[in-house]
Amino acid sequence: MKSDDIRARFLDYFQRRDHRLVMSSSLIPDDPTLLVTNAGMVQFKPYFLGSEKPEFTRATTCQKCVRTTDIEKVGHTARHLTFFEMLGNFSFGDYYKREAIPWGWEFLTVDMGLDRERLYCSVFTEDDEAYDIWKDVVGVPEERLVRLGAEDNFWDMGTTGPCGPCSEILYDQGEEYGCGDPGCRVGCDCDRYLELWNLVFMQYHRDEKGELHPLPSKNIDTGLGLERLASVLQGAPNNFETDTMAEVLHAASHLSGVDYGSGEESDISLKIVADHSRAVTFMVADGVLPSNEDRGYILRRLVRRAVRHGRLLGITDVFLPRMVETVIEIMGDAYPELKQNSAFIDAIIHSEEERFSQTLRSGLVYLEEAVSDLKSRGGKVIPGDVVFHLHDTLGFPLELTRELARERGLELEEEGFAVLMEGQRERARAARIEEGYAPQVLEIYSEILDNYGESRFTGYETVSDKAAVLAIVNGGHAVASAAPGEEVEVFLDRTPFYGEMGGQVGDTGTISSPAGVAEVIETFHPARGLISHRCRIAHGEIKISETVEASVDAERRNAIRRNHTATHIVHWALRQVLGDHAKQAGSLVDPGRLRFDFTHFQPLSRDELARVEELSNRKVIEDLPVRAYVTTYDYAISINAVALFGEKYEDYVRVVEVDEISRELCGGTHVGRTGEIGLLVIAGESGIGANMRRIEAFTGMGAYAYFHRRQEMLNDMAEKLKAEVNRLPDRIDRVLQRVKELESAMKKRGREEAASLVDGGIDWKESEAAGGVKILTAAVDGLAAQDLRELAERTLTGRAAGVVGIATIHGGKANMVVALSKELTGAGLDAVELMRKAGRLLGGGGGGRPDMAVGGGSDTSRMDEALAVMAEEVKRALEGHA
Ligand code: SER
């Protein structure tokens, strides 16, 4: 039975039992506690917890899953994979053990036709209810019913979350799969008793303290490994020899030229390449990008391991994209997202493999040297400094070094490595302090926070506000007042000044007291929740406890607001034009322009840029309303507000919506309607790293100024070219054409001039060498170097000379040419040698062909001498020859 059939029959079995068929969710879970989707129940977590009500109480899915906890075992066992498909049926407070257990048994034994004698069932030690159902309702004999502890039969999704006792259905693959240990039985780590299906009786919630609380209702969550079931049904000795996986495995074998089955080590590598290829294809398809953090790092690690095992198999070229292609071909029908994103997946995997190949080359060379050095001294432990150098300088991942060491029977000096890493962290801390964050300064900020609480930002509603001066800090110390010319930080109880955050620069403006004015140069957050105004006292005095008027430079703020809302619109437009993978990676919003960084794998074409610009301006002209409101993080995420990945959010967040088109978590200041933006122009697009692009744009008066500058440029050009602006393209074509014509006319004229020089006007020195060979030399004025050759050639034939030498001064340097007739090169003379000798006199050298060489030097006073030496050299050579 094909994997596709098994999948279909499973989903059909449960649909016939009133289960709603739900699509696999993305590998990027909608759950901040989880990096990747690792089980079918992930998308249903809120239903289990009771925080959301589903429209249905029974569901069935085939879920794509990534699990890397057992990554080291992949390829070494028959059953471990990092990517797999999990079939599941779920009950949200609907049915429970009495239905789930018999259905599981029926599907496997009747629909799939598995031999019931070979099926074993395990239950949680204390779960008599499940034990009795297996024994009495299903009729499994007690010798194949096993009670196991929490380690095996209590399932949880992590330290917190829904959990419960579980029961597994296992398949006895036979003694030949076993470890041979006399104690080998269900629960053993070997391949004999294969866990096919896990039925979880989800009835608790584990909190942060580790305590179990009953869930609002009792639920069912089951997971049946598709690849495992396929291996049993297809009689495949392992997951890798099932129908779908075998094709991927063969692609690896084909690319490497290494047959599957030809060696234990190479089989392991083939399996690792096959497994990881599937995982990386699916991850990138769902929008995961390689990085050094979180799920990006899981992906990076999988790519790196696959590449390294490819190299172990002898593949030297970039090959993973070919594997990815195979995976897409095989699984693209069941998972259309693979086909939709195939170009993107290919580009990401390609560039990641290339980058890693580079790292691998330099790291391996270094490691091999260190290892052979170590072995020659009989050592077994790779020193910490070697590991650190590999990690810190060569970018070699630690676990790779660990793996390579293990393969060579060596260990790492982990402690030494840890000490060096800590040292590096310490240095980084010290550098931060040097940059101005001295600890005592930080202390004063926390003191202000302790005394007065967080600053209240009133700038969403107003640009001018009355406030009390809470504290003034000068050079890291609290002071009572500040005098003219002093630069201080001022803290207010409430302020309309926006502190730099989330890519938006801080406000500037003034703080006026009854007795003085401070100019606010910058506003920032020295600590979370605290707004600091860095001020210069313009005149008078600012004192603590007095009431001041805090006024933001409103025009500047308006320019910032326009640019900020424009980044949201550009973000939306980019996704319309390029696809959903174009996600914000960073941004900078100031009054002058906006900069938006996003993920994409290649430069944008002119057409794409034009479309992004056009779409954005349409939304500006439609004058859409922009709304902002505060809500819970969970609600914001549930309505698909875009959050920056990796950003830590509080429980309550601010959501900014541009009508229906964009909804982002954002603390920035925005326009009320998009029409205020006026106009948006993209001024540049560039690459800023692997798969990362940057767009710069102007809005409002900035955009107007941009177009105005361009218009002025056009007017200038039109004036210079004496044409109207709209006739410029035509005019420029004509000018270019004329330049071409003139250039070729000039060339022709140069040649003609050279020809006329042959006949007259040149003061040739003539002499004769043995055999009647005529030697002509001359120093002429101001001939271009390229004309020298022309002149020498014409002189050779036109004046029947055997040797011609001409020197000229051009560009402040002596240029010279030596030309020989063909017969003389046959007689053993070499123009290059002659030129070199003469060139040395000129303080330089020369080169060329045996019959024509050019050269020169900076010494223009010795040209006659150089020509004479050349002639002498010819005579001597020909005499000797005669
Ligand atoms: N959540 C359980 C597992 O992952 C059953 O789906 O094994």
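The values are calculated or read from the model by the stated rules, or taken from the named source; none is laboratory data. Computed from a predicted structure; not experimentally measured. For neighbour counting, all protein chains shown are included, and Cβ atoms are generated from backbone atoms with ideal geometry for every residue, glycine included. These accessible areas exclude ligands, DNA and RNA; they are computed on the full protein's heavy atoms, side chains included. Shrake-Rupley method; radii C 1.70, N 1.55, O 1.52, S 1.80 Å.
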Quiz item: Which FRET efficiency value, to the nearest 0.05, is calculated for ASP659 and SER362 with the Förster distance at 41 angstrom and r the Cβ-Cβ distance?
Solution: 0.20
Self-check item: Derived scalar couplings ³J(HN,Hα) [the stretch 256-263; Karplus, 6.51 cos²θ - 1.76 cosθ + 1.60; whole Hz; x for Gly, Pro]
Solution: 8, x, 9, 6, 5, x, 8, x
Exercise. Pull up all non-local amide H partners of ARG17: gap of 5 or more, or a different chain, and H-to-H distance under 5 Å with H placed in the peptide plane.
Key: none
Practice problem: Grab the DSSP H runs of the chain that are 4 residues or longer, score each as -39,500 (n - 2.57), total them, divide by all residues and round the 222 nm result to the nearest 500 deg cm²/dmol. | Solution: -13000 deg cm²/dmol
Quiz item: When the Kirkwood radius is taken over all Cα pairs of the stretch 274-331, what Stokes-Einstein diffusion coefficient follows at 37 °C and 0.692 mPa s, in µm²/s?
Solution: 284
Quiz item: Sorted from largest down, what three extents in whole angstroms do the Cα atoms of the stretch 20-164 have along their principal axes?
Solution: 43, 42, 31
Quiz item: What distance in nm separates the simple spin-label points at SER512 and GLU426, each placed 7 Å from Cα in the Cβ direction?
Solution: 5.4
Quiz item: Across every pair of different alpha-carbon atoms, what Kirkwood hydrodynamic radius in Å does the stretch 628-714 reach?
Solution: 15.6
Quiz prompt | Two-site FRET efficiency, ARG840 against LYS748, from Cβ-Cβ distance with R₀ of 45 Å, rounded to 0.05 | solution = 0.80
Quiz item: Hey, what do the phi angles of the stretch 454-467 turn into as Karplus ³J(HN,Hα) couplings, whole Hz, using 6.51/-1.76/1.60 and θ = phi - 60°, x for Gly and Pro?
Solution: 6, 6, 9, 8, 10, x, 6, 9, 8, 10, 8, 8, 8, 8
Self-check item: Integer Hz, Karplus 6.51/-1.76/1.60 couplings in order for the stretch 106-114, x for Gly and Pro
Solution: 5, 4, 6, 7, 8, 5, 9, x, 6
Exercise. Report the far tail of the P(r) of the stretch 668-751, meaning the percent of Cα-Cα pairs longer than 23 Å.
Key: 56
Exercise. Express the accessible area of the chain per residue in Å², computed with a 1.4 Å probe while the remaining protein chains stay in the model.
Key: 47
Quiz item: Which value in Å is the Kirkwood Rh of the stretch 446-497 over different Cα pairs?
Solution: 12.0
Quiz item: In degrees between 0 and 90, to the nearest 10, how far off the longest principal axis of the chain does helix 398-407 point, with axes built from Cα atoms?
Solution: 80
Quiz item: With all pairs of different alpha carbon atoms counted, what Kirkwood hydrodynamic radius in Å does the chain show?
Solution: 34.9
Practice problem: Using only Cα atoms, locate the centre of the stretch 50-99 and the centre of the stretch 117-161, then give the distance between them in Å, rounded to an integer. | Solution: 18
Exercise. On a C-alpha basis, how far is the centre of the stretch 347-398 from the centre of the stretch 509-568 in Å? Whole number, if you could?
Key: 51
Exercise. Would you mind pulling out the separation of the Cα centroids of the stretch 280-318 and the stretch 774-804, in Å?
Key: 65
Quiz item: How much FRET efficiency would the formula 1/(1 + (r/R0)^6) give for LYS765 and MET713, where r is the Cβ-Cβ distance and R0 is 45 Å, rounded to 0.05?
Solution: 0.20
Self-check item: Computed label-point distance, nm, for sites SER446 and SER217 using a 7 Å Cα→Cβ extension
Solution: 4.8
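Can you give the Rg to Rh ratio for the stretch 247-350, taking only C-alpha atoms and Rh from Kirkwood?
Ratio of gyration radius to Kirkwood radius for the stretch 247-350: 0.97.
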Quiz prompt | Linear extension gain, LYS875 paired with ASP4, 0.36 nm per residue minus alpha-carbon span | solution = 304.5 nm
Quiz item: Hey, what's the Cα Rg ratio for the stretch 150-247 versus the globular rule of thumb, 2.2 N^0.38 Å?
Solution: 1.31
Quiz item: What is the gain in length, in nm to one decimal, between VAL419 and ALA478 on full extension, counting 0.36 nm per residue of separation less the C-alpha to C-alpha distance?
Solution: 17.4 nm
Exercise. Two decimals is fine: what's Rg over Rh for the stretch 796-882, C-alpha atoms, Kirkwood radius as Rh?
Key: 0.97
Self-check item: Whole-percent carbon and sulfur share, accessible surface of the chain, 1.4 Å
Solution: 48
Practice problem: Express in nm, to one decimal, how much length is gained between LYS466 and HIS350 on full extension, taking 0.36 nm for each residue of separation and deducting their alpha carbon distance. | Solution: 36.0 nm
Quiz item: In the stretch 378-431, how does Rg compare with the Kirkwood Rh, expressed as the Rg/Rh ratio over alpha carbon atoms?
Solution: 1.03
Quiz item: Nearest 10 degrees, 0 to 90: what angle lies between the long axis of helix 3-15 and the longest principal axis of the chain (Cα atoms)?
Solution: 40
Quiz item: Using Cα atoms only, what is the angle between the long axis of helix 414-434 and the major principal axis of the chain, expressed in degrees (0 to 90) to the nearest 10?
Solution: 70
Quiz prompt | For HIS80, residues with placed amide H under 5 Å, excluding near neighbours | solution = GLY75
Quiz item: For the stretch 729-743, list residues with backbone N below 19 Å from a point placed 7 Å from the Cα of ALA610 toward its Cβ?
Solution: 729-730
Quiz item: Sorted by accessible area (1.4 Å probe), largest first, how do TYR635, TYR177, TYR96 line up?
Solution: TYR635, TYR177, TYR96
